[in-house]
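Trainee: Structure below; questions to follow.
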Amino acid sequence: MRPLKIAAIVRKEGMLEFRRKNAFYGILLFCLVLVFLNYKAFNVLRGLEWDVMLWMTVLFCGINAIAKSFIQDGAESRLYYYTLFDPKEVVIGKLIYNFIFLSGLFILVYWGFRFFFDAGIRRDGLFFAGAGLGLLGLSIIFTFIAAVSGRAEGNQGVMMSVMSLPLTLPVLLLLIKITAVAMALITDTSVDGDVWMLLGIDLLLAGLLLLLFDFLWKD
Amino acid sequence: MPDHSFKCIMWSSIALLMFPYTASAEVSDLDFLRSTGKIYSVIAGVVIVLLGIGVYLWRIDNKLTKLEKQIKDEHETN
Amino acid sequence: MLLSWWKILGILILLYVVIGGLSVPLNPGITDLNPGQLYAGQQKEVTITAYNTHFKTAQPTRIWLKSAEGKFLEAQNVQILTENKLTCHWDIAKNMEGQQYTVIGYNNIDGSFLVPDGIVILKNDSAEEANTAEAQFTDVNTADFVKPSGLRFPYRSILNETIRNTFFHVALWMAMFVLYLLGLYHAIQYLRTGKNEHDWWSVAYNKSGILYGILGLITGSLWARFTWGGWWTNDVKLNMAALSMFLYFGYLLLRNSFNDAEARARISASFSIFAFVALIPLVFIIPRLTDSLHPGNGGNPALGGEDLDHTLRLFFYPSILALILLGCWMAQLKFRMQKLAIKAGIYT
């Protein structure tokens, strides 16, 4: 594993993203429309509903954004990657890129939700620590499932959602609980344990991703 | 196509009209299943399990028959 | 014939479980006490409705109130209405106010049967002139009670006869889990060795597991409807089951979207391992959530430690074994079919 190569992949993904401006702006628009839809559907959104809807919106934006990270790679570009890079470098690079992109989307959705609704976050540190760990977990799941569904024939978008959404439940449940504690919606003294557990899940998922990606990659 | 949609509308309206009756029929069914310590709901469960395994085996059987036919056809053509 | 002894064993055990599990009677129990609240210093008739009892054919049935200290107050004037219904009277003294009493009944055919904390004694404001005498609590030696002969399943108040679902529903989940584990083992072996046989075994076991999962959801839903009144309850096990069903359906969907058998085997094996391991943390997370968000949200009443008594075990474990054997049999059929198809050069 060579850090420079990983950086090269992250850079290349970013370049690709900006070259295909349509797809990039499409995702941004999708997020904004979802936020606006939430605003018009609820009119007033606060407390636990605010929290849950925020993460639901991030989840759906994330699926759409990350689905294309492998799906748009054809057989030729796979071959190109294969000759130049180690599979572990490819997956770490893509994971880092997806994490950064998902975090960007989260910040966008978050500000959208702050713009339209009153949030009431009491413990910023806990909120963003939980959010960061949760986003990392989500991006690992999405990266793996995108790699899986990228190899399938037929409707890859649907495959992506069907396979990844049930898997996100452990991360999502912890995420909602931690952020709800940070918003003082529920009082729980064991929230540190939840943060550690989320970190543990992230590590477990990352280990699985690294271990199993080789099998998805080789032909 | 219009014929098809007509049928759809007809059947769904019939279903909607029937709904109150089916709902009341359900209540009496439930009472039957609850009688004598709910033993009939247990029997319904056992029947579902055995039926489910049976249907699964039936489907495997059908697929095997199809496969055998395919293999036989191939032998004849060769 | 010699090699398939386990298939015959599976059928025989299943037969034993179905026949035995449905024919062993339930212990007698009390389904209803009317009224369940009595007032101190009052004499009141209580109607007791029981299940599986023989009040008419048995020697006189005796009924007691048992206090927390283990003292007994016998009911007077016991009148048998039917085999399952009787009325009786208690003289409720002043000093019994504010306490809960277990109702115990006994006769020589049914043995003893009881409702823990069945009757509450409330304070009586109006009847000042009522009897002020101390209640005549006595000692009763419960060891002298004759136990009814033969095997009997325990009686649980809401569950009644559906306690038998332990063999037909709960065992289904255990068997499903074992089949999924076998599927997982073969998926790992496939990735390690690359032998096609492991892939075929893996799908075959997973499909048997999915069948059991579907049957488990249907029977569980039925059970919930007639005991707790809803088709779906927010139970931990139920939601885990639903989630695993979603994932295994996704697995089947994934397998159907490949034209290349090798890629299909490799990628679906990776997905099934990832999905299985990724859901393991849920086992630890959900209790944490239920503790903080839903206090007092209990588990499954049929499997709570002491509840699984030894008569149930007599059928529960064999039932799991029978279902596992049948599941392996179905998986073997699938596997052999796949082998035949490959031999004939047919892509399935």
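Trainee: Which one of A:F142, A:F128 is in a helix (DSSP H, G or I), among the aromatic types (F, W, Y) and closer than 22 Å to A:P87 by Cα?
Mentor: Details: A:F128 fails: closer than 22 Å to A:P87 by Cα.
Being in a helix (DSSP H, G or I), among the aromatic types (F, W, Y) and closer than 22 Å to A:P87 by Cα holds for just one of A:F142, A:F128, which is A:F142.
Trainee: From (1) farther than 28 Å from C:F315 by Cβ; (2) in contact with a Phe, Trp or Tyr (Cβ under 9 Å, 6 or more places away or on another chain); (3) part of a loop (DSSP other than H, G, I, E, B), pick out the condition that doesn't hold for C:W64.
Mentor: If we test C:W64 against (1) farther than 28 Å from C:F315 by Cβ; (2) in contact with a Phe, Trp or Tyr (Cβ under 9 Å, 6 or more places away or on another chain); (3) part of a loop (DSSP other than H, G, I, E, B), just (3) comes out false.
Trainee: Right, something else. When you go through (1) in contact with a Phe, Trp or Tyr (Cβ under 8 Å, 6 or more places away or on another chain); (2) without any contact (Cβ under 8 Å) to a residue 12 or more places away in the chain one by one for C:L15, which number turns out not to apply?
Mentor: The failed condition is (1).
Trainee: Consider only pairs whose beta carbons are under 8 Å apart and that are at least six residues apart or on different chains; among these, list those whose first residue lies in segment B:44-72 and is within 9 Å of chain C (Cβ to nearest Cβ) and whose second residue is in a helix (DSSP H, G or I) and polar (S, T, N, Q).
Mentor: Every condition considered, the pairs that remain are B:G45/C:N165; B:G45/C:T219; B:I48/C:T219; B:V49/C:T219.
Trainee: Filter segment A:147-170 down to the residues that are assigned to a helix (DSSP H, G or I) and at the interface with chain C (Cβ under 7 Å from one of its Cβ atoms) and list them by number.
Mentor: A:V148, A:R151, A:M159, A:V162, A:M163, A:P166, A:L167, A:L169, A:P170
Trainee: Continuing with this model, one more query. What about A:A119, is it in contact (Cβ under 8 Å) with a residue 24 or more places away in the chain, more than 11 Å from chain C (Cβ to nearest Cβ) and more than 24 Å from A:M1 (Cα to Cα)?
Mentor: Criteria met by A:A119.
Trainee: Could you tell me whether segment C:139-147 includes any residue that is farther than 30 Å from C:Q42 by Cβ, without any contact (Cβ under 8 Å) to a residue 24 or more places away in the chain and within 32 Å of the chain's Cα centre (by Cα)? If you could, list the steps in order and put the result at the bottom.
Mentor: Within segment C:139-147, the subset farther than 30 Å from C:Q42 by Cβ is C:143-144, C:146-147.
Imposing the further condition that a residue be without any contact (Cβ under 8 Å) to a residue 24 or more places away in the chain reduces the set to C:143-144.
If we keep only those that are within 32 Å of the chain's Cα centre (by Cα) as well, we get C:143-144.
Yes, because at least one residue in segment C:139-147 is farther than 30 Å from C:Q42 by Cβ, without any contact (Cβ under 8 Å) to a residue 24 or more places away in the chain and within 32 Å of the chain's Cα centre (by Cα).
Trainee: List every residue pair whose Cβ atoms sit under 8 Å apart, with the two residues 6 or more apart in sequence or on different chains, where the first one lies in segment C:208-220 and is at the interface with chain B (Cβ under 7 Å from one of its Cβ atoms) and free of Cβ contacts under 8 Å to residues at least 60 places away in the same chain and the second, anywhere, is in a helix (DSSP H, G or I) and of a type in the set (S, T, N, Q).
Mentor: Between residues of segment C:208-220 that are at the interface with chain B (Cβ under 7 Å from one of its Cβ atoms) and free of Cβ contacts under 8 Å to residues at least 60 places away in the same chain and residues that are in a helix (DSSP H, G or I) and of a type in the set (S, T, N, Q), the close pairs are C:T219/C:N165.
Trainee: Just one of the numbered conditions (1) within 11 Å of chain C (Cβ to nearest Cβ); (2) farther than 18 Å from A:L209 by Cβ is not true of A:L126; which one?
Mentor: All conditions are met except number (1).
Trainee: Out of everything in segment C:183-203 that is charged (D, E, K, R) and surrounded by 14 or more Cβ atoms within 10 Å (Cβ to Cβ), what residue ends up being farthest from the chain's Cα centre (by Cα)?
Mentor: C:E197
Trainee: Pairs, please: C-beta under 6 Å, at least 6 apart or cross-chain, first residue over 23 Å from C:D91 (Cβ atoms) and in segment C:38-59, second of a type in the set (A, V, I, L, M) and assigned to a strand (DSSP E or B)?
Mentor: C:N52/C:L26; C:K56/C:I80
Trainee: Do you know which residues across segment C:1-49 are surrounded by 15 or more Cβ atoms within 10 Å (Cβ to Cβ), aliphatic (A, V, I, L, M) and not in a helix (DSSP H, G or I)?
Mentor: Correct list: C:V24, C:L26, C:I30, C:L33, C:L38, C:A40, C:V46, C:I48.
Trainee: Is it fair to say A:L16 is assigned to a helix (DSSP H, G or I) and under 18 Å from the mean Cα position of the chain (by Cα)?
Mentor: Criteria not met by A:L16.
A quick yes/no check of all residues on (1) modelled with pLDDT under 80; (2) in contact with a strand residue (DSSP E or B) (Cβ under 7 Å, 6 or more places away or on another chain):
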position	(1), (2)
C:N124	yes, yes
C:E128	yes, no
C:T132	yes, no
C:A135	yes, yes
C:K147	yes, yes
C:G150	yes, no
C:L159	yes, no
C:N165	no, no
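Trainee: Sort out which residues of segment C:51-95 are in contact with a His (Cβ under 7 Å, 6 or more places away or on another chain) and crowded, with 20+ Cβ neighbours inside 10 Å, and write them in order of number.
Mentor: Listed by number, the list holds a single entry, C:A75.
Trainee: On to the next question. Taking only pairs six or more apart or across chains, which ones have beta-carbon atoms under 6 Å, a first residue in segment A:198-211 that is crowded, with 16+ Cβ neighbours inside 10 Å, and a second residue that is among the polar types (S, T, N, Q)?
Mentor: Listed pairs, sorted by first residue: none to list.
Trainee: Another one. Identify, from the list A:L37, A:L45, the residue that is under 30 Å from A:A119 (Cα atoms), not in a helix (DSSP H, G or I) and not small (G, A, S).
Mentor: Every option except A:L45 fails the conditions.
Trainee: For segment C:309-348: of the residues being among the aromatic types (F, W, Y) and within 13 Å of another protein chain (Cβ to nearest Cβ), which is farthest from C:L151 (Cα to Cα)?
Mentor: Ranking the candidates gives C:Y347 first.
The values are calculated or read from the model by the stated rules, or taken from the named source; none is laboratory data. The shown structure was predicted, so the numbers you read here are calculated from the model rather than taken from an experiment. Cβ: placed from backbone, ideal geometry, glycine included. Neighbour counts: every protein chain shown.
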